[in-house]
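Novice: Handing you a structure now.
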Amino acid sequence: MNGYLSPAKVLGASTSNQLTEEKDFWEKIIKDSPTYQDGWIELAKVLFDLREKNYAVGAYNTAKAINPNNLKLKELKNLLP
């Protein structure tokens, strides 16, 4: 039962360290492919979870500039201030 109730497993919650790793992953992806809209969208979600809201809004705006008609943007906009 080791790790059975670890924070990462309780209701799908992520630890801050996992979110930081995800952030680093998506930042590398968009650095290599700056027009990859899904990368910007995923980065915005992770940044929102990390409470980096200003940076999340910036990532959202970059994704929106790539293709403002993406349906994922509408869902994401509801999360952001």
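Coordinate-derived values only; no laboratory data. As the structure is a prediction and not an experimental result, all values here were calculated from the model.
Novice: Got the relative contact order for region 13-58 handy, in percent, Cα pairs under 8 Å and 6 or more residues apart? Before the final figure, lay out each step's value.
Specialist: Details: 29 pairs, mean separation 16.2, N = 46.
In percent, rounded to a whole number, it is 35.
Novice: Pull up the cross-link candidates among the lysines for LYS53, meaning alpha carbon to alpha carbon under 21 Å and not fewer than 8 places away within one chain.
Specialist: Once the sequence-local lysines are set aside, what remains near LYS53 is LYS23, LYS28, LYS31, LYS45, LYS64, LYS72, LYS74, LYS77.
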